[in-house]
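First up is the structure itself, then whatever we jot down about it.
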Amino acid sequence: MTTIKAVRIHAYGGPEQLVYEDAPKPEPAADELLVRVHAASINPVDWKVRQGYLKDFIPYQLPMIPGWDVSGVVEAVGSAVTDFNVGDEIYSRPDITRDGSYAEYMVLRASEAAHKPTSVDHAHAAAVPLAGITSWHALFEAGKLEAGQRVLIHAAAGGVGTLAVQLAKWKGAHVVGTASARNREFLQQLGVDEVIDYTSTKFEAVVRDIDVVFDTIGDDTQERSWQVLKPGGILVSIISPPSQETADQHGVRQAYVFIEPNAAWLTEIAGLIDAGKVKPIVETVLPLSEARQAHELSQSGHTRGKIVLQVVE
Ligand SMILES: NC(=O)c1ccc[n+]([C@@H]2O[C@H](COP(=O)([O-])OP(=O)(O)OC[C@H]3O[C@@H](n4cnc5c(N)ncnc54)[C@H](OP(=O)(O)O)[C@@H]3O)[C@@H](O)[C@H]2O)c1
């Protein structure tokens, strides 16, 4: 058996459950690619899986490899694959029910991959797929955000928020974003029109007439978001399904988004990156062997942009 280095979870629990070790090298099925992983990025879902929060929804076979953002090079293609060749540089947010990208190699369905943006390195490309697809889905598919509309993006400085802000600005929207004071200047440079420091100001006291709220926080933040919408506006959450009853009371709409792989949107986003319209924000790059530290940082809840695991230097 050929082995590779990977980070695996043998039991649900804290960051200490991430073990950097040898694992079997996967082999691609007919419709799959074998990818040499160059970089993987961390998403909060990674540590939610590690803690066991999703085990009732996704029955993982342990040990399993987390990580559902990848940028790398195609090493082999399955017999039915026609869209990709050995040597292609791809990026992907693959199926979350299968082994992920904290590894030297992974397999994913060819239908889940897109050609990587050529103007950024693998570390920056790996920062994009999950947060980019989620933002595209929430803003454009669910929210139908249009030029000239007003959007409120919660946690604008986070992994999802930094991409959502740039996609909304590309669309021509007026962007209001929440973050703590240390991120004010950063977000202004990213294009946010109005930055609200959530630690000192109740956003609902100063924001009005919003067409689309993008809720990346949930709980009390979601509840307080109804009142900032204009009649007919929409609250889109990626945390928990908003109440239809409350939406009706406010004369607005609601949607809940849970990400699925989407190669077509990744291709569009790669084009925006290469056109200079969208810039992936990477705060920290760590080697694969430091996945525990990466999870601890992510769990602190105050990442600016993304944390990336560099697999090939
Ligand atoms: N449903 C789906 O398909 C889906 C997809 C992607 C993500 N998600 C979920 O969406 C959430 C956000 O993901 P992410 O990757 O963006 O997380 P993240 O990168 O870890 O978010 C960190 C950011 O949150 C900000 N923040 C923390 N508390 C805040 C508050 N009360 N108000 C405003 N900003 C606040 C921080 O800003 P400061 O440092 O300035 O405080 C920081 O920049 C996670 O829970 C994730 O699991 C769901």
Legend entry - Failed condition for Val285, given (1) part of a loop (DSSP other than H, G, I, E, B); (2) away from the ligand (no atom under 12 Å from the Cβ): (1)
Inset, instruction - Check every one of the strands (runs of 3 or more DSSP E) wholly within segment 1-79 and list those with 2 or more residues that are touching a His at 6+ places or on another chain (Cβ under 8 Å). - result: 18-24, 32-41, 70-77
Inset, instruction - Just one of (1) more than 16 Å from the ligand (Cβ to nearest atom); (2) under 19 Å from Leu297 (Cα atoms); (3) touching a strand residue (DSSP E or B) at 6+ places or on another chain (Cβ under 9 Å) trips up Gly13, so point out which. - result: (3)
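Given Ile196, Ile234, Ile239, which one is modelled with pLDDT of 95 or more, near the ligand (Cβ under 9 Å from one of its atoms), surrounded by 14 or more Cβ atoms within 10 Å (Cβ to Cβ) and part of a strand (DSSP E or B)?
Numbers: Ile234 fails: near the ligand (Cβ under 9 Å from one of its atoms); Ile239 fails: part of a strand (DSSP E or B).
The match here is Ile196.
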Inset, instruction - Please determine, by comparing only the residues of segment 137-183 that are part of a loop (DSSP other than H, G, I, E, B) and of a type in the set (D, E, K, R), which one is farthest from the ligand (Cβ to nearest atom). - result: Glu146
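Is it true that Ser101 is in contact (Cβ under 8 Å) with a residue 40 or more places away in the chain and out of contact with any strand residue (DSSP E or B) (no Cβ under 9 Å at 6 or more places or on another chain)?
No; evaluated as a whole, the condition is false for this residue.
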Inset, instruction - Find all pairs meeting these conditions: Cβ atoms under 6 angstrom apart; at least six residues apart or on different chains; first residue within segment 250-272 and within 11 Å of the ligand (Cβ to nearest atom); second residue of a type outside the set (A, V, I, L, M, F, W, C) and at pLDDT 95 or above. - result: Tyr256/Ser237; Tyr256/Pro241; Val257/His137; Ile259/Thr134
Inset, instruction - Please identify the pairs in which a residue from segment 205-225 that is not assigned by TED's automatic domain parsing to the domain that holds Lys171 has its Cβ atom under 8 Å from the Cβ atom of a residue that is exposed (fewer than 12 other Cβ atoms within 10 Å of the Cβ) and part of a loop (DSSP other than H, G, I, E, B), counting only partners at least 6 apart or on another chain. - result: none
Inset, instruction - Please state which one of Ala291, Ala247, Ala263 is over 22 Å from Leu108 (Cβ atoms) and touching a helix residue (DSSP H, G or I) at 6+ places or on another chain (Cβ under 9 Å). - result: Ala247
Legend entry - Some residue of segment 251-270 being buried (at least 21 other Cβ atoms within 10 Å of the Cβ), over 17 Å from the mean Cα position of the chain (by Cα) and of a type in the set (Gly, Ala, Ser): no
Inset, instruction - Output yes when any residue across segment 20-29 is under 23 Å from the mean Cα position of the chain (by Cα), surrounded by 20 or more Cβ atoms within 10 Å (Cβ to Cβ) and at pLDDT 95 or above, and no when none is. - result: no
Legend entry - Residue satisfying condition, being in the same structural domain as Val77 (by TED's automatic domain parsing) and more than 23 Å from the chain's Cα centre (by Cα), within set His10, His38: His10
Inset, instruction - Filter segment 294-308 for residues that are closer than 24 Å to Tyr105 by Cα and among the hydroxyl-bearing types (Ser, Thr, Tyr) and give the result. - result: Ser298
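The values are calculated or read from the model by the stated rules, or taken from the named source; none is laboratory data. As the structure is a prediction and not an experimental result, all values here were calculated from the model. Note: ideal-geometry Cβ built from the backbone for every residue, glycine included; neighbour counts use all protein chains shown.
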